[in-house]
Every structure is written in C-alpha cells, then in structure tokens.
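Have a look at the structure below before the remarks.
The values are calculated or read from the model by the stated rules, or taken from the named source; none is laboratory data. Nothing here was measured: the structure is a model prediction, and the numbers come from that model. FYI the Cβ positions are ideal-geometry reconstructions off the backbone, even for glycines, and counts take in every protein chain you see. Ligands, DNA and RNA are excluded from the accessible area calculation, which covers all protein heavy atoms including side chains. Shrake-Rupley method; radii C 1.70, N 1.55, O 1.52, S 1.80 Å.
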Amino acid sequence: MSGAEPPFFVYGTLRPGAYNHDRFLLGRTGAEEDAVLPGALLHDGPGYPFAVAGPGRVAGALVSAAPGRYGELLGVLDRLEEPAGYERLLRQVVRARDGAHVSAWVYLAAPGAPLGPVIAGGDWFGREFKDRP
C-alpha cells in the first residue's frame, strides 16, 4: 500500500461481522485489523453510529483496499457515507496488534448529523448508552 492510499477506519455497520460489511466491503479489502480511534466519542444514530471529536476512543477496524481496488472502495464508501451525514477526514488511528499510529480515512459526523446518545465505551458492538454531557 502506498502513502497515497491511506486505509479506512470503520466503526459501525461496516465493521467485520456487521450487516453492511459484506454488502459494501466484501471482495474490495485486502486486510482488516482491529484498531482504535483516540480523541473521539461514539453516538448512536438512526440505525448506525456517528463518531465526533471528544474525550474518548472509538473501537473499530482498519481496512485496507485489495490490490487495484482502492478507487472503487473509496467511491463506494463516499457514496454510502456522505449522504448519510458523514464527512471523510484523515485521522491518526492506533492499530491494536502493535500500537502503531496509522493515518486513515475516517467518516465522522458532519455538521447537523442526527446525533443520539453517547455510546459508553465507544464500541458499536457492545452498545451501552449514557446521557449526553
């Protein structure tokens, strides 16, 4: 993977095992590894979560495109995420297996996104809600 093709950090319905993973990522990824997005809070949304900057961390997966599929993967994710209230930004993500800091595309809540309650612990798979601060 070249520096011009950063991986993607996914934290909700696109994570391995979640319902949108196979619909949108299957066959387009070359590697998927557990990772954490520091400096972020996870909010519930209308059937999918939103990450925003804040004092916490969000659990997810670092996803790299399969060889020759980067442009396709980028297009598929932009078409899915941007109309749903996300904006794509480069952020530092921590890879779980070795603690390495990796620059990755992350789809964060865009201004005006319908944020629900904060998901305590920052893990969409282990959702427990807490009141907003």
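For region 46-102, give me each residue that is of a type in the set (S, T, N, Q) and within 19 Å of residue 20 (Cα to Cα).
Passing the criteria: only 64.
If you take the residues in region 82-116 that are part of a strand (DSSP E or B), open to solvent by 30 Å² or more (accessible area, probe 1.4 Å) and in contact with a Pro (Cβ under 8 Å, 6 or more places away or on another chain), which one is nearest to residue 63 (Cα to Cα)? If you could, list the steps in order and put the result at the bottom.
Step one: filter region 82-116 for residues part of a strand (DSSP E or B), giving 86-95, 101-109.
Then drop every residue that is not open to solvent by 30 Å² or more (accessible area, probe 1.4 Å), which leaves 87-92, 94-95, 101, 103, 105.
When the remaining residues are screened for being in contact with a Pro (Cβ under 8 Å, 6 or more places away or on another chain), the result is 90, 92, 94, 103, 105.
Numbers: 90: 14, 92: 14, 94: 13, 103: 12, 105: 10 Å.
It comes out as 105.
Looking at region 10-39, I want the residues that are assigned to a loop (DSSP other than H, G, I, E, B) and have a partner that is charged (D, E, K, R) and open to solvent by 50 Å² or more (accessible area, probe 1.4 Å) with Cβ atoms under 7 Å, at least 6 apart or on another chain. Which pairs are those?
As it stands, the answer is 16/32; 28/69; 28/72, since those pairs meet every condition given.
Considering each residue of region 7-42, count those that are touching a Pro at 6+ places or on another chain (Cβ under 7 Å) and surrounded by fewer than 20 Cβ atoms within 10 Å (Cβ to Cβ), and give that number.
Number satisfying all stated conditions: 2.
Just the residues that are on the phi < 0 side of the Ramachandran plot and open to solvent by 40 Å² or more (accessible area, probe 1.4 Å), please, taken from region 52-73.
Passing the criteria: 53, 55, 57, 67, 69, 71, 72.
Look through 45, 39, 56, 60 and report the one residue that is modelled with pLDDT under 95 and either within 13 Å of residue 107 (Cβ to Cβ) or under 15 Å from the mean Cα position of the chain (by Cα) (or both). Steps first, answer last, please.
Working: 39 fails: modelled with pLDDT under 95; 56 fails: modelled with pLDDT under 95; 60 fails: modelled with pLDDT under 95.
Exactly one of 45, 39, 56, 60 is modelled with pLDDT under 95 and either within 13 Å of residue 107 (Cβ to Cβ) or under 15 Å from the mean Cα position of the chain (by Cα) (or both), namely 45.
Regarding residue 62, is this residue more than 18 Å from residue 89 (Cα to Cα), out of contact with any His (no Cβ under 9 Å at 6 or more places or on another chain) and in contact (Cβ under 8 Å) with a residue 40 or more places away in the chain?
Numbers: more than 18 Å from residue 89 (Cα to Cα): no; out of contact with any His (no Cβ under 9 Å at 6 or more places or on another chain): yes; in contact (Cβ under 8 Å) with a residue 40 or more places away in the chain: yes.
No, not satisfied.
For residues that are in a strand (DSSP E or B) and in contact (Cβ under 8 Å) with a residue 24 or more places away in the chain, tally how many sit in region 117-133.
So the answer is 3.
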